[in-house]
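Read-outs: derived from the displayed coordinates by stated rules, not from any lab. Predicted model only: the values in this text are computed from it and were never measured. Here the Cβ positions follow ideal geometry from the backbone for every residue, glycine too, while neighbour counts run over all protein chains shown.
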Amino acid sequence: MKKIYIALISLFWAVIIFFTFFGEKLYMSTNPNVTVTAANTMQVINDETFVLIPSSCLFDENYVYVVTTQKGFSIDISTIEKREVATKPSETDNRLLVTEGISRGEVIVSKSDRPLADGMRVVIS
């Protein structure tokens, strides 16, 4: 019984030490790398105010991925939320006017190295 107890304690500390030294690298390598942009630019047309975003932020024709970040143990953990938006073309090349779906100041994904899904954790590069 004493040998089992010592083996379990040793295994526990081995796992703790492994994740202390390699946990961040493991997290970074298993999650998609994304480039983000803040939806800070506004445009007023006929007394209506619209959020202006790059067209590269639009996925699956009418969705964007909004990024929320919270503090983790050693790194910030970023999670994405797939959100439907209504858009129309703008006069500026490669930009879209968002009529509904996101608010000014929200951080959205503009590029990803892998396919994305709602609720997925990502690494901001």
Taking θ = phi - 60°, what integer Hz values does the Karplus form 6.51 cos²θ - 1.76 cosθ + 1.60 yield along region 2-8, in sequence order, with x for Gly and Pro? 5, 5, 5, 4, 5, 5, 5
With θ taken as phi - 60° and the coefficients 6.51, -1.76 and 1.60, list the Karplus ³J(HN,Hα) couplings across region 21-36 in order, rounded to whole Hz; mark glycine and proline as x. 8, 10, x, 5, 5, 5, 4, 5, 7, 9, 10, x, 8, 10, 9, 10
With the 8 Å Cα cutoff and a minimum separation of six or more residues, the chain has a relative contact order in percent of 33 percent
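Where the only charges are on Cβ atoms (+1 Lys, Arg; -1 Asp, Glu), what is the dipole of the chain about its Cα centre, to the nearest 20 debye? List each step's numbers first, then the result.
On the way: 12 positive and 14 negative charges, 204 e Å.
About 980 debye.
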Return the tail of the calculated pair distribution for region 13-54, meaning the percent of Cα-Cα pairs more than 16 Å apart. 63 percent
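Taking R0 as 30 Å, what's the FRET efficiency between Asp76 and Leu52 from their Cβ-Cβ distance, rounded to 0.05?
On the way: r = 27 Å, r/R0 = 0.89.
Efficiency at R0 = 30 Å is approximately 0.70.
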Please list, in chain and number order, the residues 5+ apart from Val123 or on another chain whose amide H is under 5 Å from its amide H, with Hs placed from the backbone. Asn33, Val34
What list of ³J(HN,Hα) values in whole Hz, one per residue of region 92-97 in order, does the Karplus curve 6.51 cos²θ - 1.76 cosθ + 1.60 (θ = phi - 60°) give from phi, with Gly and Pro shown as x? 8, 4, 6, 10, 10, 8
Just going by the charge dipole of the chain, with Lys and Arg at +1 and Asp and Glu at -1 on Cβ, which of Ile6, Asn33, Thr49 is farthest out on the positive end? Ile6
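Once the Cβ-Cβ distance between Lys111 and Leu11 is put in as r, and R0 is 35 Å, what FRET efficiency do you end up with, to the nearest 0.05? It would help to have the intermediate numbers written out before the result.
Values: r = 41 Å, r/R0 = 1.17.
Rounded to the nearest 0.05, the efficiency is 0.30.
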Please list, in chain and number order, the residues 5+ apart from Phe59 or on another chain whose amide H is under 5 Å from its amide H, with Hs placed from the backbone. Val64
Calculating Rg and Dmax of the Cα atoms in Å from this structure picks out, from [x] 13.9, 44; [y] 15.5, 44; [z] 20.8, 79, entry [z]
Relative packing of peptides 96-109, 66-79 - highest average C-beta neighbours within 10 Å first: 96-109, 66-79
